[in-house]
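Here the structure is laid out as structure tokens; the discussion comes afterwards.
The values are calculated or read from the model by the stated rules, or taken from the named source; none is laboratory data. Not measured: the values here are computed from a predicted model. Every residue, glycine among them, receives a Cβ derived from its backbone with ideal geometry; neighbour counts consider all protein chains shown. The area values use the complete protein model at the heavy-atom level, side chains included, leaving out ligands, DNA and RNA. Shrake-Rupley method; radii C 1.70, N 1.55, O 1.52, S 1.80 Å.
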Amino acid sequence: MNDSTGLQVDDLSVEFGAVTALNHVSCEFPASGISGLLGPNGAGKTTLLNVVSGFQVPSSGSVRVNGSDLAADGIRARVLSGVVRTFQTVRLLEKETVFDNVALGCEGLQRHSPLRQVLGIGKGRAARRRDHDVTIDALAMVGLGSLAQRMPAELPYAKRRLVEIARAIAGSPKVLLLDEPMAGMDREARLALLDTLVEVQGSLGMTMVVVEHDIDMVRRLCTHVVVLAGGAFVAAGPPDEIVADPRVQATYFGAEDARHQ
Amino acid sequence: MLAINDLNAWYGQTQALFDVTLTVETGQTVALVGTNGAGKTTLVRSILGLVRSTGTIQFDGAELSTVPPHRRSRKHGMSVVPEGRGMLNSLTVQENLELGYRRLSAQDRDFIERSFPRLSRRLAEKVSNLSGGEQQMVALCRAFIRRPKFLILDEPSLGLAPIVVDDVYSQLREAWSSGTTLLVEQDVERARQASDVMFFIAAGHILGTARSSDKAEVDRMTRAAFMDSSAVRG
Amino acid sequence: SSSARQPGGGAANECRDEVSSGVTKEIITLGTTLPLSGSAASTSQNARKGEEAAIQFLNKQGGLHGRRIEMKFLDDQYLPAKAQANVRQLIQQDNVFMLVGGSGTGTTLAWAPTLNQFNVPAVGPYAGSSNLGTMKTPYLYMLFPDYGAQLAALVKYAIAHSDVKKIGVVSIQGDILEDARRGIDSVLAASDIAVEYFPETAGTTNFAPLATSVKAFGADLVVLLMTNGDTAGFLNATRRLGFSPRYAAWPGMADKSWIASYGDISEGMLVANPVANPGSDSPAVAEFRKHYMELTGEAPTLFNEIGWVQVMVAAKAIEKATYVTRPCVIDALNALSGYETGLVPPITFGKEDRQGSTAIEVDQITGGSLVTVEPFANPAK
Amino acid sequence: MSGLPKPSDILTTLIAGLGTGCLYALFVLGIILMFRVSKQVSFAYGQTGMIAALGSWFLYEQRVLPVWMALVAGLGAAIVISGATEMFVIRRASRIRPSFDLIVTLGMFLVLTAAAEQVFGSESHAYVPLLADRGWNAPGAYLNMSDPLVAVMSGSIIVIAYLAIKRTGLGVSIRACAEDPAIAQSFGVNVGLVRTGVWMLGGLIAGLVSILFASRLFVDTSFMLPILINGFVAAMVGGLERFWAPVLVAVLLGAYESLVGLFFGSTASVPAIFVVLIVVLTAAPSRWIADEQVRP
Amino acid sequence: MLSSYWLFIVGQGLFYVLACLGLFLLYGRCGQLSLAHAASMGVGAYVGVVSVNNGVLPAVSLVLSIAAALLFGALQAGPAMRLSGLRFAVVTLAFGFLFNWIIENTPSITGGTQGLSAPSIEIAGLALLDPDDALWAGLVLAYLGTLLTTRIARTRAGLRMVAIRDSIEAARSVGINVAKTKVLAFLLGSAFAGTSGWLIAFSSGFISAVDFNLFASSYLLIAVLLGGANSVAGAWIGAAYIVLVPRLFSAVGLSESYPLLGGLMLIIVALLAPDGIVGQISTVRQRLGSLRFRRPSPPTQETETAA
Ligand SMILES: Nc1ncnc2c1ncn2[C@@H]1O[C@H](COP(=O)(O)OP(=O)(O)OP(=O)(O)O)[C@@H](O)[C@H]1O
Ligand SMILES: Nc1ncnc2c1ncn2[C@@H]1O[C@H](COP(=O)(O)OP(=O)(O)OP(=O)(O)O)[C@@H](O)[C@H]1O
Ligand SMILES: [Mg+2]
Ligand SMILES: [Mg+2]
């Protein structure tokens, strides 16, 4: 493994009864730039994110972030060591303001004594101020600064997505996993989100993995692409190379007979 | 076949559609294009009778506004691929397909085997176990096997790999060339190719319409629909 | 905070001619708290009718000390906390002169200490705990004997009049059962009759195990201390098992409403009754019945009679008091001796005695009505 | 009691317990059907049945109607109340906020209890025995007619319900209503009818169970409360989403409760049941007790 | 000036504020629908009285009461960690009944069904049985409790609770320890309830199991919902409802209608005013505010052609 590898999975397998969702998959995602995770439906992309974020326990294999193994960690431990995800469907606290929704992301930051927080003294006070600042920064970064006090229900779909992304980056993650962030968005919104993601990655420098079916967006967004199919690793490399790869062509873009695999 | 007149629709106090008027001829595929939040899904839901609305919706000569939603499906042969897939997570794939007192016939099974082989192997499984795209296939399949008179597709390509999207659209072209279809699609070019007529919608208003074959007009309307909305949204 | 002062001790408690709260030139206001709604409503509603009739009766005869009597009824839903708040309201807000009647052991236990706090006397709540009627709550004057005394009388009668070898006592778990045990054991001390106690929890859904256990024990007399519903549930279960011992039960089963509902399954049951059977033909009861029917147009039930007696005893004390003040009424109550109503045994209180009587009448449910088999079985104390 | 109970006593108690258990099972059937159609259990369920029992008592006792008509009228009332609860309360509440549907049934519970108390009074009454007073001494145990009556009736209703769910599309429709009424409607399910219909059926079942319990015990405004609790316990332990498990647990719970009462005294039954609930819910594998899991 | 009777009632109301604050944290914030909250109060009340009866100093008995209530809360948190709202509510129901059963079956210690009188005690120079002193104690404690609750709601822990209430998936994805947060909510809720129960026991002088049963828990829920489950002020309104409304009903001689009103209230509030009185007030305010702005007009044909 080289220095610039942010996230590395090794020999991952996940089975659900007769279905093999991941079949000894090994691949790497660089720490710089944004990686795309591609593959036909049911290829195991979401499952891979689930394993990395701790929502799914693999039957074999390991996950490493910047060289350290996450094997025994639960979801919370992973968040604390910097692995954060979003969901295929947006999940927000509908009764709290956008600000509070994003503030939730501070969980990933260092803990501090709850008693001190309640009393508002010493480190507790400092920590509360820090949480506040971090939240403001995260909101500004995705361009939601002016909407901080609004309720999520009042926001259009694309903005709701951004709230979720702001929440994910508030904790300054080392690895950010986005599952189809652009699904259901119109083209304008996709382009705007694309800019935001590039900017966030640029300024925070985390390993970012994006699952996306819109190949045009993937080409604009990603510097590196990993392709899965039928639970197995297929190919990895720069987007243009991957798009041209005949194996990917067959399983993903569709030579006519490939769908009856 | 479908004639909508002066349709206004509300969610609670907020109005989502304003005086929408639109017609779909028998056999036509009509595409609905607009930004997020423009009101496309609301229009679909109004046709299905799922939102509070005023105005008239005539279908095959019958007035629908007093017809309860379940009869629109049963009696008038409407079928929908809903936004967000509409999976019934506690049910199996087969039960999702059978929804509404309908058993899978041999013919249906055949169709599934041919068009969605991934599904035919997993009919007995809980639908919530499927991947996002696989669930979208269930949604499509559920609408298709009913052989509807009027097919409504709300973002049918959501979460589908390109290979499957192509496949779905080619099916639409071939198998449903005779059927009447209302299509909501984010990818304007794809929508243009799949449809006969396009309606452009922004902030709850129909901005205009264009024949799909007239590419220049479609481009002009698309720009209008998308710019307008960004103006409205600020 | 106020400590309990003994009645009669201290200047504030001396009987003098002064203005007392709850008393005007025309009216004396009494008060009570009762479970008028909730699980124990029906008996309390009857008691209330009895009290109202008694007050009407007294007022027709010119009231007491030339004053009309009025009474304030508050509903406590059988909730102790509510009963206590009610008594506070009666004393502090509604300024009643004294408390008369009331019903429910738990509720009475809850408000009794409040009397000490405000030096207000109360007469005759219908409650069967042995924790009441002692000098712990010196302002509380009890008319009816506690569960222990009730059951002692009942069992004494049963063993004297039939051949009993084994007694099964089915009782609500807890202090009621302990009271019953004390009473029954005192009667059986020197006999060779076996007795077994079967605790029960209110709300049993299947009485078969309980009934089977009692049957297996071989009880020929079964004493029942349960809620009306559970008593019925138990009787139904024994019937389903084909088990038919002799039954004896606490006063709840002497009420007309029970007999109307469950007369057939409780045929032959002996019932402890703290007041004279309202259907009896003793002259005192007959006169009471006559008055009551004149006033209300209905024949009195057990709890009508209880309400009536509660008011009558309180009225006697007020009448005997030198002035209409609380200390004077307390003095009069303490001096009450052998007061005969004909409806309850003669009532006697003393400076250190708050238990008006310990005698019990034994009745039997026969052919859908209550028949007196032994009037006031215990000699008055 | 000295020594162990006699075998015949054990058998008698066991049979009575199984009879009670069958009634619990029927009661639980109502709970799980209603849960299927609206993802909701009703705290007012037992009280709905209570209205049938107490109401019918009132009607025949006041000689308004002959007994059988009073029973039918009581059941009718339970059906109407249950259906109306669904139509006017449950359906609207679940849309407002999660957990509110539960809260409104708690409200219904209080309303039905208070209203019954005001209309019918709060006394306990004997109820028509419905065979609970007939029985015969079989060798080894005493048999009562109420138990076989209850077993046959509960058993057949449960089996019919099972077949209706499995063999017709009704089962799918019922679940679809709970999960996504809009989707169900879009595919031709008359959601209103199915929901209200199932709740009306629930009302009928609650009424039947209450009437049968009343015939074995007594009737008043609160006699269904412990039965409601035991029904809930069985449904929770067996799993609300399953069919046979909760029904079976209910039958066994009746037997268990009965035997505990015989061996350890009647007061031991209540905690014995709660101990089962708490132990199962804390110690059972989470697969058994978890909700429908939707994968992230 | 209030009569001593009303002083007593208001004092009780202030003690109930504490219980309602506990339920606000547990249900309003964390979404855990507990039907054993009154039982938690009961634990505090009984442990307090029983320990004082056995010679424990009042201050120590308060600590014991809170500790016992915490334990009771922790016991419930066990199943709560694994169960959904509905199932969990039923389990708390069982806990509530179990509490009542224990009281009823330990008559020698707790007085059983007949209840238990609380001795008159003094703590911090206040004799709780005296309405004046109780009022002071109530004012100070309810104020401190409110302050504490508001603070908690603003910390990370408070936000975590809301996250669990609104979206457990979102909560897990940001690394919230769901189990720990639920336990915390239970401990806080129970501590408030236990304190409240202790105070009510010694200020009223008598406790019994029926004051802490399912109905009592339902009334607490009604109170918190009516006030507004999402705000601290709602707890005050709710406590006022619990203590004052029954008194008003009995003042007009309609006390038997109170349970009916309670049930209807629960249904009506849930259906028509889900955010309670506090929510209702703020909606009215918003409506008034929005009258001042014109609604944005829909885009016209002109804008289209201009584009
Ligand atoms: N809990 C489960 N039980 C059974 N099968 C499962 C489960 N989770 C995932 N699978 C199966 O594993 C395979 C991989 O699923 P996964 O969600 O990872 O696919 P994906 O690549 O994200 O697809 P998509 O693009 O459609 O979202 C699928 O065939 C899916 O049906
Ligand atoms: N359930 C709802 N309650 C309140 N407002 C709603 C609801 N659903 C939609 N809206 C609002 O109605 C408007 C139209 O929404 P609609 O879902 O019809 O848009 P759409 O064109 O389908 O958008 P998308 O491309 O995101 O699917 C939006 O402003 C949206 O915020
Ligand atoms: Mg996926
Ligand atoms: Mg849409």
* Asked: Which residues, taken from the stretch B:42-66, are open to solvent by 30 Å² or more (accessible area, probe 1.4 Å), out of contact with any strand residue (DSSP E or B) (no Cβ under 6 Å at 6 or more places or on another chain) and within 16 Å of ligand 2 (Cβ to nearest atom)?
  -> B:Arg45, B:Leu50
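If we keep just the residues of the stretch A:28-38 that are open to solvent by 10 Å² or more (accessible area, probe 1.4 Å) and modelled with pLDDT of 90 or more, which is nearest to A:Thr251 (Cα to Cα)?
A:Glu28
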* Asked: Within the stretch C:165-191, can you find the residues that are part of a loop (DSSP other than H, G, I, E, B), at pLDDT below 90 and away from chain E (no Cβ under 14 Å)?
  -> C:Ala189, C:Ala190, C:Ser191
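What's the total number of residues in the stretch B:122-149 that are in a loop (DSSP other than H, G, I, E, B) and either more than 12 Å from chain A (Cβ to nearest Cβ) or closer than 22 Å to B:Ser105 by Cβ (or both)?
9
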* Which one is nearest to ligand 2 (Cβ to nearest atom) among residues in the stretch A:181-220 that are open to solvent by 50 Å² or more (accessible area, probe 1.4 Å) and closer than 10 Å to A:Ala158 by Cβ? -> A:Glu188
* In the stretch A:166-197, which residues are more than 16 Å from ligand 4 (Cβ to nearest atom), closer than 30 Å to B:Pro156 by Cβ and touching a strand residue (DSSP E or B) at 6+ places or on another chain (Cβ under 7 Å)? -> A:Ala168, A:Leu176, A:Leu177, A:Leu178, A:Asp179, A:Pro181, A:Leu197
* Asked: Pairs, please: C-beta under 9 Å, at least 6 apart or cross-chain, first residue within 22 Å of B:Pro148 (Cα to Cα) and within 14 Å of chain A (Cβ to nearest Cβ) and in the stretch B:33-54, second within 16 Å of ligand 1 (Cβ to nearest atom) and among the acidic types (Asp, Glu)?
  -> B:Lys40/B:Glu155; B:Thr41/B:Glu155
* To do: Can you work out which of the residues in the stretch B:109-145 that are of a type in the set (Val, Ile, Thr) and over 15 Å from B:Leu158 (Cβ atoms) is surrounded by the fewest Cβ atoms within 10 Å (Cβ to Cβ)?
  => B:Ile145
* Structure fact -> Inside the stretch E:133-170, the number of residues satisfying the requirement of being open to solvent by 30 Å² or more (accessible area, probe 1.4 Å), out of contact with any strand residue (DSSP E or B) (no Cβ under 9 Å at 6 or more places or on another chain) and within 26 Å of E:Gly11 (Cβ to Cβ) is 10
* **The one condition in (1) away from ligand 4 (no atom under 16 Å from the Cβ); (2) part of a strand (DSSP E or B); (3) more than 23 Å from B:Gly77 (Cα to Cα) that B:Thr181 fails to fulfil** => (3)
* To do: Identify, by number, the condition in (1) crowded, with 22+ Cβ neighbours inside 10 Å; (2) modelled with pLDDT under 85 that E:Ala251 doesn't meet.
  => (1)
* Residue among A:Ser53, A:Ser81 that alone is surrounded by fewer than 20 Cβ atoms within 10 Å (Cβ to Cβ) and either of a type outside the set (Lys, Arg) or away from ligand 1 (no atom under 16 Å from the Cβ) (or both) -> A:Ser81
* Asked: Would you pick out the residues in the stretch E:171-190 that are open to solvent by less than 50 Å² (accessible area, probe 1.4 Å) and more than 8 Å from every other protein chain (Cβ to nearest Cβ)?
  -> E:Val178, E:Ala179, E:Thr181, E:Lys182, E:Val183, E:Ala185, E:Phe186, E:Leu188, E:Gly189, E:Ser190
* Every pair of residues 6+ apart whose Cβ atoms lie under 8 Å, when the first sits in the stretch D:265-290 and is outside any helix (DSSP H, G or I) while the second is of a type in the set (D, E, K, R) -> D:Ala290/E:Arg82
* Is it the case that C:Val87 is surrounded by 23 or more Cβ atoms within 10 Å (Cβ to Cβ) and either of a type outside the set (Phe, Trp, Tyr) or at the interface with another protein chain (Cβ under 7 Å from one of its Cβ atoms) (or both)? -> yes
* Hits in the stretch C:212-239 (condition: of a type outside the set (Gly, Ala, Ser), open to solvent by less than 20 Å² (accessible area, probe 1.4 Å) and at the interface with chain D (Cβ under 7 Å from one of its Cβ atoms)) -> C:Thr212, C:Asn236
* Asked: Looking at C:Val373, is it under 18 Å from C:Ala149 (Cα atoms) and not in a loop (DSSP other than H, G, I, E, B)?
  -> yes
* Asked: Restricting attention to the stretch D:131-185, which residues are crowded, with 21+ Cβ neighbours inside 10 Å and touching a Cys at 6+ places or on another chain (Cβ under 6 Å)?
  -> D:Val150, D:Ser154, D:Ala184
* To do: Quick one: in the stretch B:189-208, of everything that is touching a residue at least 12 places away in the same chain (Cβ under 8 Å) and surrounded by fewer than 21 Cβ atoms within 10 Å (Cβ to Cβ), which residue is nearest to the other protein chains (Cβ to nearest Cβ)?
  => B:Gly208
* Does C:Gly268 meet the test of being within 11 Å of chain D (Cβ to nearest Cβ) and closer than 29 Å to D:Asp147 by Cβ? -> no
* Which numbered condition C:Ala194 misses (of (1) under 23 Å from C:Val275 (Cα atoms); (2) at pLDDT 90 or above) -> (1)
* Hey, B:Arg85 hits all of (1) surrounded by 16 or more Cβ atoms within 10 Å (Cβ to Cβ); (2) more than 16 Å from ligand 3 (Cβ to nearest atom) but one; which does it fall short on? -> (2)
* Structure fact -> Exactly one of C:Arg289, C:Arg246 is buried (at least 17 other Cβ atoms within 10 Å of the Cβ), closer than 17 Å to C:Ile306 by Cβ and among the charged types (D, E, K, R), and that residue is C:Arg289
* Structure fact -> Quick count over the stretch E:102-128, residues being open to solvent by 30 Å² or more (accessible area, probe 1.4 Å) and among the aliphatic types (A, V, I, L, M), is 5
* Take the stretch B:146-158 and flag every residue that is open to solvent by less than 10 Å² (accessible area, probe 1.4 Å) and within 16 Å of ligand 2 (Cβ to nearest atom). => B:Ile152, B:Leu153, B:Asp154, B:Pro156
* Please specify each residue of the stretch A:196-214 satisfying the condition of being more than 16 Å from ligand 3 (Cβ to nearest atom) and of a type in the set (Val, Ile, Thr). => A:Thr196, A:Val198, A:Val200, A:Thr207
* Structure fact -> Given the conditions (1) assigned to a loop (DSSP other than H, G, I, E, B); (2) more than 21 Å from the chain's Cα centre (by Cα); (3) touching a residue at least 24 places away in the same chain (Cβ under 8 Å), every one holds for B:Arg103 apart from (3)
* Asked: Among (1) open to solvent by 20 Å² or more (accessible area, probe 1.4 Å); (2) in contact with a helix residue (DSSP H, G or I) (Cβ under 8 Å, 6 or more places away or on another chain); (3) away from chain D (no Cβ under 14 Å); (4) of a type outside the set (Phe, Trp, Tyr), where does C:Gly203 come up short?
  -> (3)
